[in-house]
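One structure coming up, written as structure tokens, with questions to follow.
The values are calculated or read from the model by the stated rules, or taken from the named source; none is laboratory data. All values derive from a computational prediction rather than experimental measurement. Only protein heavy atoms, including side chains, enter the accessible area calculation; ligands, DNA and RNA are left aside. Shrake-Rupley method; radii C 1.70, N 1.55, O 1.52, S 1.80 Å.
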Amino acid sequence: NDGNGTGTATPSTAVAGTEIILTATPNTGYHFKEWQIMSGGVTIKDDKFLMPNDNVEVRAIFEEDAPPAPTEFTITVKTDGNGTASASLAKAAAGTEITLTATPKEGYHFKEWQVESPAGLVITNNQFTMPNDNVEVKAIFEKDAPPAPTEFIVTFDGNGGTPSVGSMTTTNQKLTSLPSASRSGSYSFD
């Protein structure tokens, strides 16, 4: 054998023409792969061969079992309808780092991730570590505040006279009143 299991022949000594039955028993974590013919030039079929007029040496070859595939859980990403959202993977094994992406539609901004299941899942900087469970999260968007109107500064030209104020700033893009002005000499403010 190759050290990863045992191989036996029944019988182990025989006259030519006797049917020999081979048995391979793998160690834990291994499975039987094949019989390797070292000498004797026999043909092995279904773990059997006919004894030739010569000594025979065969070797049991074992192969390591593949590790079991980790169980994968699903990641469901929903939205409140005011944008789109996705996860870096749709399925992942526990311990995998998952990144979430949320894109608001016009007039909205991303507010937060709402964990629908499992309870206790923590999302930090749009990332979380996959638990031993399916995950369901929801992107919550918020309506943008209407932009504040642009206000203006109105500067007054005294045209040879002096306005009572040099400039005023609008409120809701309007001035509530205009200043007065004066000029020395025989002028009156029109």
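Cut-off under 20 Å on the C-alpha distance; same-chain residues fewer than 8 positions from Lys91 excluded. Which lysines are left, in chain and number order?
Lys78, Lys138
In square angstrom, what is the accessible area per residue of the stretch 72-160 with a 1.4 angstrom probe?
Numbers: 5580 Å² over 89 residues.
On a per-residue basis, 63 Å².
Let me ask something else about it. Which residue fluctuates most in the GNM of the chain (Cα springs below 10 Å): Glu112, Glu63, Glu142?
Looking only at Glu112, Glu63, Glu142, the largest GNM fluctuation is found for Glu63.
Sorted from largest down, give the three principal axis spans of the alpha carbons of the stretch 124-167, whole angstrom values.
The Cα atoms of the stretch 124-167 stretch 82, 17, 12 Å along the principal axes, largest first.
Let me ask something else about it. Counting only the heavy atoms of the protein chains, how much of Thr103 is accessible to a 1.4 Å probe, in Å² to the nearest 10?
70 Å²
With all protein chains present, how much of the accessible area of the chain (probe radius 1.4 Å) comes from carbon and sulfur, to the nearest whole percent? The partial results should precede the final answer.
Numbers: 6310 of 12980 Å².
C and S atoms contribute 49 percent here.
Report P(r) for the stretch 1-80: all Cα-Cα distances, bin width 10 Å, range 0 to the bin holding the largest distance, values in whole percent.
P(r) for the stretch 1-80, in whole percents per bin: 17, 37, 19, 9, 7, 6, 4, 2, 0.
With the calculation restricted to Cα positions, what are the radius of gyration and Dmax of the chain in angstrom?
For the chain, the Cα radius of gyration and maximum Cα-Cα distance read 43.1, 147 Å.
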